[in-house]
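S.K.: My structure is below; once you've seen it, I'll send some questions.
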Amino acid sequence: MKGLPVLSLLLWMSSVFFVGLYLFVGGFLLVRLEVNRTSGCEDVLHPGQDPVDFCWARPRFRRAVLLIIDALKIDFARFDPNNTTPRPYQNKLPVLQETASSRPLQSRLYPFRADPPTTTMQRIKGFTTGSLPTFVDVGNNFASSAILEDNLIHQLGKEGKRVVFMGDDTWENLFPKKFHRSLPFPSFNVKDLHTVDNGILQHLYNTIIGDDWDVLVAHFLGVDHCGHRFGPDHPAMADKLTQMDGVIRSVMDRLQNDTLLVVMGDHGMTDSGDHGGESQKETDAAIFLYSPSPIFPGPPTQNEPDVVPQTDLVPTLALLLGVPIPYSSVGQVLLPLFPPHGQTEGAVRGLSQLEALWINAKQVNRFLETYSGMAKDIPPESLLQLKDQFSRLSSEYLSSVGEGRSPSQQLASSLQAYLTSVRDTCRSTWAQFNPLKMAAGLSILALACLMCFLLSELSVVLVREDDGGLKVLVVAALAAGVGVAAAQLLSQGYMELTWCLAAGAFSSELLFFWRARRLGSPAVSKNGTKGPKSGGWLTPRRLLIPPLLVPLLRCASLLSDSYVIAEGRVVTFLLFSLALYIPVHLNWDGLLLPPSHDPLKSAGLLPSPALSPSTVRKESSVLLSCLGLLVGSLYLSLSFHGCREEQGSCQPSAFLSPLSRFQDSQLKNIHYVLSVVSLGLWTYLLRRCLCHYGNLNSSGGAVFTARWVLPLLSVCLGLHWAVSATPEDSFRNLGELIRLAQLALPRAAFCLLGLGLALIWLDPLTVFVKTRAAASSRSSSLPPPRYRASTGISPQAELHHLIPQIYQRMRRSLDDGELSGGGEAGGRPMVEAYGLGSVYSAPLLLFWGLLGVGLLLLHPEGMALAFLLLLLEMGALLHIHASSSTLRGLHGACSGGFTVPWTPVVLWSLAATQFFHATGHLPTFPSIQWGAAFVGFPDGHTGTVLPASLVTLNTFASHILFAVGCPLLLFWPLVCEVRGGRGGRGCGEEGEDAVMEMRLRENPQQFSSALLQLSTRYLFIHGTQVFASVCAAAILRRHLMVWKVFAPKLMFEASGFLVSSIFLLIGVSLVLRVDLSVGRWFQRLIPESSR
Amino acid sequence: MWDHEIRAMASSHAIIAASVFMATVLPAVLLPGFSVYGSHLLWLYSVSGAVTAVSVAVFWLLGITPPTKKHTLGYKLSRLFRSCLYFFLSCLFFHTVVVLYGAPLIESALETFSLAVLLTSLTTLRCLCVLGPNVQAWIRVFSRHGAMSVWDTCLQITVACTVVGAWMGAFPIPLDWDRPWQVWPISCSLGAMIGFLTGLVAAPAWIHYHRKQLTYKCK
Ligand SMILES: [Zn+2]
Ligand SMILES: [Zn+2]
C-alpha cells in the first residue's frame, strides 16, 4: 500500500489548518502594548506650577510592610461574632475586623477587587504596575519572565529604598535583581502547604525588628495551596488561617510608628479552591491597612469606598512612600488615607486628598497621551472626551491654586470621576483585534474545511495517482511564501512570517481546488454507476443527511454561549440521537430484521438475502445490545462532569477530587477499590480482546508488551494511587519511604509506558507462525484445496491465496484448543499463522490501551471509572459500526471498498468531545488540572516544557485516545467479519472464508484510499468544529461573554484539534508501520512455503 | 381511487386536531387558573386524554383497525388488555428514553412521565389503532417498503413528525432566556404537539401529491 502519500497528504492538510488557526489567533487574542517609559522625580507632577522635586520631600511613611496572603478571600477576612458554627474558613482571622473596629483611626478593612485573570503572576504584575493585564498573559504563568514595564518595585529601588522580599519565588522571576535582599521559596508545588510560609516566618520577625529595610514584601502561599489541595471547606484551611492570624498579630506588635502595614490577598478562590476566572468569588480578595499611629482623618464615613480596585494600590503606596507613581498605572489613590484639604498640618504631614488626586490625574493623563501615540486601540472619541475632561479639570484646579483659595470639594469628585472613567475606558478597550489577520485566518480555515471534505470524497482518485500532486501543492505554497517574503523585504525592509505562511497556505489551497475540479469530473463518471453518487458531491441531497446534520448542529451550538456552557450535555444529546438513528435507519431500509417469508421473496421482488435469518437476528441483537451499552455508558458518563462557574446549581463530580482530599476514610477506600477495579477491568478487557483474536501467542515485542508491560503498568498505577492517597501523618516512620514511592512509582510507570510504546513500534507483529514439517509429506496425498487448484501461479497470486488458508488454519486450531489439530486437519497447510486476521488492529489496540493507562496516570484516581466507560463506549461504537456494516452488506455491498461511512466517524469524534467533559475537563482555564504536572515530579520542575506537555496530555486525553484509535473504525468490520462467516457463510462469496484484515492486504489501493478517507473525515469534523468556534469568536468578539466563554473555547478547540491531528497522524503511521512489517513477514514466508 | 380514503383521513385529522385545540381551550375557559405554562401537567393530561379518546373513536368508526380473526368476547377482552399493557409499556419506554436523553432522573420524574404519556398518546396509540397490538407489525411499518396502505404511510409521517418535534423541543432548554416555556417539559411537549399537528396536516397532503408514486401491495 502507498503509505507515504497518505501520510504526507494528511500532514499537509493539518498544517494548512494550523496556519489558518495561527493567523486567526494572532489577530484575535488581545495584546496590550507595554509602555517602556518610567516615571522619575524630575518629571514633576507636584501641584502648583513651580517645580518641586517631591522625591526629596518627607514622605508620609518611611517604611511599609506588605504582607501578601495568596488567595485571601474577603470571606476569610470577615468576622461574624454571631456565627456560632463557623465553617473551617470562617471567623479564623479575627484580628482584622477586631482592629478595624477598635482602632478606626489606624486601620481599615476593605474588599479588594482583582481584575481577571486571577492567576498569581498576573496579579503580582497588576498590583505592582497598576495596569490591567490582558488575556494573552494567562499562559505565561508557567514561564514567568521579568516585568519590563515601570513598576512600584523599580521606583522604590530607584529612590534608594531597600526592598526586602521573602516568599513566593514568582517575585524573584518577575523582579530579578531588584531587591535589596530576597529570600525566595519554591512555589510551584501546590501540594506543599508549609515550605514557603515556614521559610518566611523564620526570617520575618528578625527582619522587622532590624533596621535593614524600608519596604518589606512577604508573600505567603499556604492559604492558596491549601485551597488547591483541600478546598476552602477543610480543617487544614482553618489551621492555615489561624496561623496567618497569629502572624498578623505578631507583625502588628513589632511595627514602629512610621511604618504602614498592608495585609492583602492577590485574589480569592472558588468553592473548590481554584482561581483564574472572573467570578466574584475569585476576584474579591481582602485588603487591610494599619499603622501604629493614626493614619485616617476620622472613623469610617459615608464616603468610604465599598470595594477597592486592585489597581489603586500602586498610586496609593507610591504617594504614601514618596516615590513617583509608575508610568503606566491607571489606578486611583485611595482617598481615605489622605487628609482632606486644609488638615495637612496635623499629626502627619503629607499630600492632601486633592493634591494626591491631582498628581494621580496628571500621571494618568500623561500615560494616556503616550499610549494613544503608540497604539490606536482606544476609540478616538472617548479619548477626546477624556482629554477635554482633563483640560477642564486642570485649568480649574490651577486657577484655584493660583488664586490661593481652597478648591471646592466638587473638584475632588470630578477628578475621581475622571480617573474612574480612564480606568473603565482602558478596561473596555484594551482589546486590539487585527481584523485583517482574522479575516485571512477565517478564509484559510473555511477553505481548509472544504478541502478536507473534497479530499475525503476524492480519496480514491488521489491515492490512485502519484505523489506528484502533493509535490506541486507544496512547491506552490513554498513559492508563494517566498514571494511574499521577498516582496515584504523589498517594500518594507522586514518580513512578517504570518503573511508568508498565509500566502503559502492560500495558494496551495487554490491550486488544490483547481486540480480537484479537474480530477472530480472523471471521478464522478467512474463512480457514476453507483447510482446516487452521480449527482456530484455537493448536492444538498448528499449533504443534508442526519450524520452530517448532527455535526452541523454541533457547530451551530458553538455560536451560542448557553450551548457552550452546556456543551457536555449538548454533545451527549447529539451522540445519543445519532446512535439511535443507526437502528432506525437500518430498519427503514429493512435490514434490521430478517426478511419475513412473505410472498415478495418468491415473487422475486427482493434479492434473496445473502445472510441467513439467524445471522441477521444475531447481528441485530449484537447491534442493539451494543447500543444499550453505548447508551448506558453515555448516561453514566454524565456523572463525571465538572462544573463551570456559570452553571449556578451544579455540583462537580465527587470523582474529580483526588483521593487525598477525602476525609472519610471509608469513602476513600470505596473510591480506591472502584478505581482499581476499573483499572483492572481495562487491562483485562484489552488482553481478553487480544487473546480472543489469537494475538497473544507469538513472542514479539508487542506481545511481550501485552503480556507483561501492560499489567505491570496497571500494578504500578494502582500502587501509586495507594501511596498518594495515604495521609502524610498516618505513617510517620514510613514518611521517607512514601516520599520515595511517590517519586519512583509514577516515574517507573512513565518508563514502562515508553518501553511498551517503543516495543510496539519496533516489533508490531502479533502473528505466531507454526511450521509443520511432518505434515508436508502427507499434503501431496490429500486433494489440494480449491483455491490452489491452478498450477504455475505467480508468487503474488500465491500470496493472495495463502493468506486465507493460513488464517483459516489458525481459527480452526484455536477453536479446537490448539493442540488437538493433529490428524486430518494437519494435512493441508504447512504454515499456521495465529492472529493474522487482526494483525493491523491488535498492535493499534494495544498501543491505544497502553496510552490510555498512561493518560489515566495523569488524572485523579476517580477518573479510572470514566476511562473504563470510555473503553466500553469505544468498543460499543466499534461493534455497532461492524454490525451495521455487516447488515448493510446484505445488498451486495460486499464488493471491495472499505469506506467508513459518515455516521461512525461522526459518532467517534462526538465521543471525543463527550469524554473531554466526562473526564472532568471543561473548556475554561480554571478547570485545567494542574495537578497533572506533578505526577512523578512532586517537587516541581525546572523547565516549562515537561509540565506543559503533561498538562496538555491530561487535558486532551480523550482527544488523544479517540484520534489514535480512529483507524480501528476501518479494521473493526473486518475483524468482526468472522462471526458472519461462521454463522451463515460469509458475505456472498461462498468459497472464500473469512480472511478478516487480510482483505486489506489484498487490496492495497483500496486500503490506502479508505485510510485516507477515514482520516480526512475525522479531521473534517474536528476542523469544522474549530472553524465554528473561530467564527463564534470573530462574530461575537464584543460579546459580554467573549473572554469568559468564547475565547477559552476557541483556545481549547484549537489545541484539541492540534493534539487530535498529531495523534491521528501517529495512529495512521502506526498502521503503516504494521503494514510494512507484514509485508516483510510475507516476503520471508513465501520462499519457505513455496518450497 | 384513493380520493375517498384521503378525504376520510383529512377529515379525521381535522377532528383530532380540533380535539387538541379544545383540550387546550376548554379547560382554560372552564377551570380558573388553568394555563399552558402555569399548570402544564394538567394541560398535558387533558391533551393526552382528548387525543386518546378522539383517536380511538375516530379509528373505530372508520374501521381502520385490522379485523379480528375471532369474534369471541374473551379474545376481544384480551386484545383490549394487551393494548392497555402496550400503552403502559410504551409510556415506560418513552420515559426511559427521555431520561437517557438527559432529563433529570428523580427531581421531575412526574413531569417526565407526563411527557412520556403525551408522546405515547400521540404515537403509540395511533399504532395501536391502525395496526393493533402487534409490535412486529409496528416495526415493519417503519421501513421503506413496509407501508401496506394509505393509513400506514400516514402513520409513518405523523409519528416521525411527532418524534422529531419532541426532539427539537429540547433545543431551547439550555438557553438562558428564562422564558416560562423553557421549563421542563413544556418545550418538548409543545414541540411534540406542533410536530403532531404538522404531521396531521402533512400526511394527507403528502399522500395526495404522491398518489401516483405510491403503490401498495395487498395484504
Ligand atoms: Zn495567588
Ligand atoms: Zn493558586
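The values are calculated or read from the model by the stated rules, or taken from the named source; none is laboratory data. Here the structure is a predicted model, which is why all the values come from computation and not from measurement. With ideal geometry, Cβ positions are generated from the backbone for all residues, glycine too; neighbour counts draw on all protein chains shown. Accessible surface is based on the protein model in full, side chains and every heavy atom, while ligands, DNA and RNA are left aside. Shrake-Rupley method; radii C 1.70, N 1.55, O 1.52, S 1.80 Å.
S.K.: Hey, any hits in the stretch A:343-350 for a residue that's of a type outside the set (F, W, Y), modelled with pLDDT of 85 or more and open to solvent by 20 Å² or more (accessible area, probe 1.4 Å)?
M.R.: Initially, the stretch A:343-350 is screened for residues of a type outside the set (F, W, Y), giving A:343-350.
Now restrict to residues that are modelled with pLDDT of 85 or more: none.
Within the stretch A:343-350 (the criterion being of a type outside the set (F, W, Y), modelled with pLDDT of 85 or more and open to solvent by 20 Å² or more (accessible area, probe 1.4 Å)), the answer is no, since none of the residues qualifies.
S.K.: What are the residues in the stretch A:680-696 that are open to solvent by 20 Å² or more (accessible area, probe 1.4 Å) and at pLDDT below 85, if any?
M.R.: Correct list: A:C691, A:H692, A:Y693.
S.K.: Can you say whether B:L118 is surrounded by fewer than 22 Cβ atoms within 10 Å (Cβ to Cβ) and either at pLDDT below 85 or of a type outside the set (D, E, K, R) (or both), as far as the supplied structure shows? Break it down into steps so the answer makes sense when it comes.
M.R.: On the way: surrounded by fewer than 22 Cβ atoms within 10 Å (Cβ to Cβ): no; either at pLDDT below 85 or of a type outside the set (D, E, K, R) (or both): yes.
So B:L118 fails the test.
S.K.: Please find, within the stretch B:203-219, the residue that is modelled with the highest pLDDT out of those that are within 14 Å of chain A (Cβ to nearest Cβ) and in contact with a helix residue (DSSP H, G or I) (Cβ under 8 Å, 6 or more places away or on another chain).
M.R.: Here is the first cut: in the stretch B:203-219, the ones within 14 Å of chain A (Cβ to nearest Cβ) are B:215-219.
Cutting the leftovers down to in contact with a helix residue (DSSP H, G or I) (Cβ under 8 Å, 6 or more places away or on another chain) gives us B:216-217.
Details: B:Y216: 71, B:K217: 60.
If we take residues in the stretch B:203-219 being within 14 Å of chain A (Cβ to nearest Cβ) and in contact with a helix residue (DSSP H, G or I) (Cβ under 8 Å, 6 or more places away or on another chain), then B:Y216 is modelled with the highest pLDDT.
S.K.: Turning to a different aspect of this structure: Which of the following residues is touching a residue at least 24 places away in the same chain (Cβ under 8 Å), touching a strand residue (DSSP E or B) at 6+ places or on another chain (Cβ under 9 Å), more than 16 Å from ligand 2 (Cβ to nearest atom) and more than 23 Å from A:P88 (Cβ to Cβ): A:I200, A:I208, A:I248? Steps first, please.
M.R.: Details: A:I200 fails: more than 23 Å from A:P88 (Cβ to Cβ); A:I248 fails: more than 23 Å from A:P88 (Cβ to Cβ).
On inspection, the qualifying residue turns out to be A:I208.
S.K.: Return the only residue of A:T311, A:T283 being modelled with pLDDT of 85 or more, crowded, with 23+ Cβ neighbours inside 10 Å and within 16 Å of ligand 2 (Cβ to nearest atom).
M.R.: The unique qualifying residue is A:T283.
S.K.: Continuing with the same structure: With respect to A:G331, determine if the residue is surrounded by 23 or more Cβ atoms within 10 Å (Cβ to Cβ) and under 28 Å from A:I147 (Cα atoms). If you could, list the steps in order and put the result at the bottom.
M.R.: Numbers: surrounded by 23 or more Cβ atoms within 10 Å (Cβ to Cβ): yes; under 28 Å from A:I147 (Cα atoms): yes.
Taking the combined requirement at face value, the residue satisfies it.
S.K.: What number of residues within the stretch B:73-107 satisfy the criterion of being within 14 Å of chain A (Cβ to nearest Cβ), in contact (Cβ under 8 Å) with a residue 24 or more places away in the chain and farther than 18 Å from A:F573 by Cα?
M.R.: Within the stretch B:73-107, residues that are within 14 Å of chain A (Cβ to nearest Cβ), in contact (Cβ under 8 Å) with a residue 24 or more places away in the chain and farther than 18 Å from A:F573 by Cα number 0.
S.K.: Looking only at the stretch B:169-183, count every residue that is more than 10 Å from chain A (Cβ to nearest Cβ) and in contact with a helix residue (DSSP H, G or I) (Cβ under 6 Å, 6 or more places away or on another chain) and tell me the total. Steps first, answer last, please.
M.R.: Here is the first cut: in the stretch B:169-183, the residues more than 10 Å from chain A (Cβ to nearest Cβ) are B:169, B:178-183.
Narrowing the set further to residues that are in contact with a helix residue (DSSP H, G or I) (Cβ under 6 Å, 6 or more places away or on another chain) leaves B:169, B:181.
Counting residues in the stretch B:169-183 that are more than 10 Å from chain A (Cβ to nearest Cβ) and in contact with a helix residue (DSSP H, G or I) (Cβ under 6 Å, 6 or more places away or on another chain) gives 2.
S.K.: For the stretch A:163-197, name all the residues that are in contact with a strand residue (DSSP E or B) (Cβ under 8 Å, 6 or more places away or on another chain), within 15 Å of ligand 1 (Cβ to nearest atom) and assigned to a loop (DSSP other than H, G, I, E, B).
M.R.: Once the filter is applied, which keeps residues that are in contact with a strand residue (DSSP E or B) (Cβ under 8 Å, 6 or more places away or on another chain), within 15 Å of ligand 1 (Cβ to nearest atom) and assigned to a loop (DSSP other than H, G, I, E, B), the stretch A:163-197 yields A:D169, A:S187.
S.K.: Another question, then. Could you check the stretch B:122-147 and list, in sequence order, the residues that are at the interface with another protein chain (Cβ under 10 Å from one of its Cβ atoms), among the polar types (S, T, N, Q) and in contact with a helix residue (DSSP H, G or I) (Cβ under 8 Å, 6 or more places away or on another chain)?
M.R.: Matches in the stretch B:122-147: B:S143 only.
S.K.: Restricting to the stretch A:564-581, what's the tally of residues that are under 17 Å from A:A876 (Cα atoms), open to solvent by less than 20 Å² (accessible area, probe 1.4 Å) and more than 9 Å from chain B (Cβ to nearest Cβ)?
M.R.: 4
S.K.: Evaluate the stretch A:698-718: report whether one residue or more is assigned by the TED database to the domain that holds A:L858, part of a loop (DSSP other than H, G, I, E, B), over 31 Å from the mean Cα position of the chain (by Cα) and not hydroxyl-bearing (S, T, Y). Break it down stepwise before answering.
M.R.: Of all residues in the stretch A:698-718, those assigned by the TED database to the domain that holds A:L858 come to A:698-718.
Still in the list and also part of a loop (DSSP other than H, G, I, E, B): A:698-700.
So of that shortlist, the ones also over 31 Å from the mean Cα position of the chain (by Cα) come out as A:698-700.
Retained after the next criterion (residues that are not hydroxyl-bearing (S, T, Y)): A:700.
Among the residues of the stretch A:698-718, at least one is assigned by the TED database to the domain that holds A:L858, part of a loop (DSSP other than H, G, I, E, B), over 31 Å from the mean Cα position of the chain (by Cα) and not hydroxyl-bearing (S, T, Y), which makes the answer yes.
Here's the yes/no breakdown for (1) open to solvent by 70 Å² or more (accessible area, probe 1.4 Å); (2) modelled with pLDDT of 80 or more; (3) of a type in the set (S, T, Y); (4) assigned to a loop (DSSP other than H, G, I, E, B):
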position	(1), (2), (3), (4)
A:L30	no, no, no, yes
A:E34	yes, no, no, yes
A:E42	yes, no, no, yes
A:L45	no, no, no, yes
A:V52	no, no, no, yes
A:W56	yes, no, no, yes
A:F61	no, yes, no, yes
A:L67	no, yes, no, no
A:A71	no, yes, no, yes
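S.K.: A further question follows. Quick check on my filter: what residues within the stretch A:218-243 are among the hydrophobic types (A, V, I, L, M, F, W, C), within 14 Å of ligand 1 (Cβ to nearest atom) and not in a strand (DSSP E or B)?
M.R.: A:L221, A:V223, A:C226
S.K.: Right, next: Please go through the stretch A:182-241 and pick out each residue that is of a type in the set (G, A, S), surrounded by fewer than 21 Cβ atoms within 10 Å (Cβ to Cβ) and at pLDDT 90 or above. First the steps, then the outcome.
M.R.: Keep residues of the stretch A:182-241 that are of a type in the set (G, A, S), which gives A:182, A:187, A:199, A:210, A:218, A:222, A:227, A:231, A:236, A:238.
Filter once more, so that each one left must be surrounded by fewer than 21 Cβ atoms within 10 Å (Cβ to Cβ): A:182, A:199, A:210, A:231, A:236, A:238.
Answer for the stretch A:182-241, where residues must be of a type in the set (G, A, S), surrounded by fewer than 21 Cβ atoms within 10 Å (Cβ to Cβ) and at pLDDT 90 or above: A:S182, A:G199, A:A236, A:A238.
S.K.: Please verify whether A:Y635 is surrounded by fewer than 17 Cβ atoms within 10 Å (Cβ to Cβ) and either of a type in the set (G, A, S) or modelled with pLDDT of 90 or more (or both), treating the condition exactly as stated. So that I can check it myself, show each step before the final result.
M.R.: Numbers: surrounded by fewer than 17 Cβ atoms within 10 Å (Cβ to Cβ): no; either of a type in the set (G, A, S) or modelled with pLDDT of 90 or more (or both): yes.
The answer is no for A:Y635.
S.K.: Got a number for residues in the stretch A:180-234 being within 29 Å of the chain's Cα centre (by Cα) and among the polar types (S, T, N, Q)?
M.R.: Matching residues across the stretch A:180-234 total 2.
S.K.: Would you call A:L667 at pLDDT 85 or above and in contact with a helix residue (DSSP H, G or I) (Cβ under 7 Å, 6 or more places away or on another chain)? Working first, answer last.
M.R.: Values: at pLDDT 85 or above: yes; in contact with a helix residue (DSSP H, G or I) (Cβ under 7 Å, 6 or more places away or on another chain): no.
In short, no.
S.K.: Right, something else. If A:E98 satisfies every condition in (1) outside any helix (DSSP H, G or I); (2) at pLDDT 85 or above but one, which is the exception?
M.R.: The failed condition is (1).
S.K.: So is A:F512 open to solvent by 60 Å² or more (accessible area, probe 1.4 Å), under 25 Å from A:H1022 (Cα atoms), at pLDDT 85 or above and of a type outside the set (D, E) or not? Let's see the steps before the verdict.
M.R.: Working: open to solvent by 60 Å² or more (accessible area, probe 1.4 Å): no; under 25 Å from A:H1022 (Cα atoms): yes; at pLDDT 85 or above: yes; of a type outside the set (D, E): yes.
Spelling it out, it is not the case that A:F512 is open to solvent by 60 Å² or more (accessible area, probe 1.4 Å), under 25 Å from A:H1022 (Cα atoms), at pLDDT 85 or above and of a type outside the set (D, E).
S.K.: Now for a separate question. If we scan the stretch A:258-270, do we find a residue that is within 15 Å of ligand 1 (Cβ to nearest atom), closer than 26 Å to A:G920 by Cβ and either polar (S, T, N, Q) or in a helix (DSSP H, G or I) (or both)?
M.R.: Keep residues of the stretch A:258-270 that are within 15 Å of ligand 1 (Cβ to nearest atom), which gives A:263-270.
Subset that is closer than 26 Å to A:G920 by Cβ: A:267-270.
Now drop any that are not either polar (S, T, N, Q) or in a helix (DSSP H, G or I) (or both), which leaves A:270.
The answer is yes, given that some residue of the stretch A:258-270 is within 15 Å of ligand 1 (Cβ to nearest atom), closer than 26 Å to A:G920 by Cβ and either polar (S, T, N, Q) or in a helix (DSSP H, G or I) (or both).
S.K.: With a cut-off of at least 2 residues that are over 21 Å from A:H585 (Cα atoms) and more than 15 Å from the chain's Cα centre (by Cα), name the helices (runs of 4 or more DSSP H) lying wholly within the stretch B:100-219.
M.R.: B:109-122, B:150-169, B:186-209
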